[in-house]
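Visitor: This structure is in structure tokens; I'll ask about it shortly.
Every number here is computed from the coordinates shown, using simple stated rules; none is lab data. In this text the structure is predicted, and so the values were computed from the model without any measurement. Note that each Cβ is placed from the backbone with ideal geometry, even for glycine, and that neighbours are counted across all protein chains shown.
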Amino acid sequence: MSTYDFAKKHLFQPLNIEDSYWYSDGQGIHNGGDGLRLTSRDMAKLGLLYLQGGQWQEKQIVSAAWVQKSIQPIFRTYERIGSYGLHWWSDRIDPSDDWTEDNFYYFALGFGGQYILIVPSRKRIAVFSSELYDHSLRPLALFRKYILAAE
């Protein structure tokens, strides 16, 4: 079974995601790290799934242990982005404060400025869809300035 077929069966169908496309290489192999196209509404469903610890409509779709493991910062990367875990980026709400559950958010970052951002302590998700190929970090800066700072 291809990565895409597995995702459609075990993730997209339970979330009622019907409009998706995943690029594949010349051999038909789908890269697990990129090339997935979803609508903004479906990106929000993935954000809500993670905010709810992998549960969707009272069913465990993704293991809660995996959700927690995948969002943990493992590698400190670029100062302007944050840390990287297992396909999720993370950073502190207040950069001058410690890493705590109340001072933590995480996000998926896609090509051209696509974002799924989750702030667990505030029970918030935000989604950005854009074509900012030369300025793909702009939505993250707007999120930090107008959403994180506003609360």
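Visitor: Looking at 98, 102, 94, which one is over 20 Å from residue 69 (Cα atoms), without any contact (Cβ under 8 Å) to a residue 60 or more places away in the chain and among the acidic types (Asp, Glu)?
Guide: Exactly one of 98, 102, 94 is over 20 Å from residue 69 (Cα atoms), without any contact (Cβ under 8 Å) to a residue 60 or more places away in the chain and among the acidic types (Asp, Glu), namely 94.
Visitor: Sticking with this structure for a sec: Taking residue 127, is it under 14 Å from the mean Cα position of the chain (by Cα), more than 20 Å from residue 20 (Cα to Cα) and among the hydrophobic types (A, V, I, L, M, F, W, C)?
Guide: no
Visitor: Which one is nearest to residue 3 (Cα to Cα), of the residues in the stretch 16-43 that are buried (at least 16 other Cβ atoms within 10 Å of the Cβ) and among the aliphatic types (A, V, I, L, M)?
Guide: Residue satisfying both the conditions and the ranking: 36.
Visitor: Considering each residue of the stretch 85-132, count those that are of a type in the set (A, V, I, L, M) and either loosely packed, with under 12 Cβ neighbours inside 10 Å or in a helix (DSSP H, G or I) (or both), and give that number.
Guide: Step one: list which residues in the stretch 85-132 are of a type in the set (A, V, I, L, M), which gives 86, 93, 108-109, 116-119, 125-127, 132.
From the residues that got through so far, the ones that are either loosely packed, with under 12 Cβ neighbours inside 10 Å or in a helix (DSSP H, G or I) (or both) too are 86.
Going through the stretch 85-132 one residue at a time, the tally reaches 1.
Visitor: Which residues, taken from the stretch 37-69, are in contact (Cβ under 8 Å) with a residue 40 or more places away in the chain, hydrophobic (A, V, I, L, M, F, W, C) and not in a loop (DSSP other than H, G, I, E, B)?
Guide: Matches in the stretch 37-69: 43, 44, 46, 48, 51, 56.
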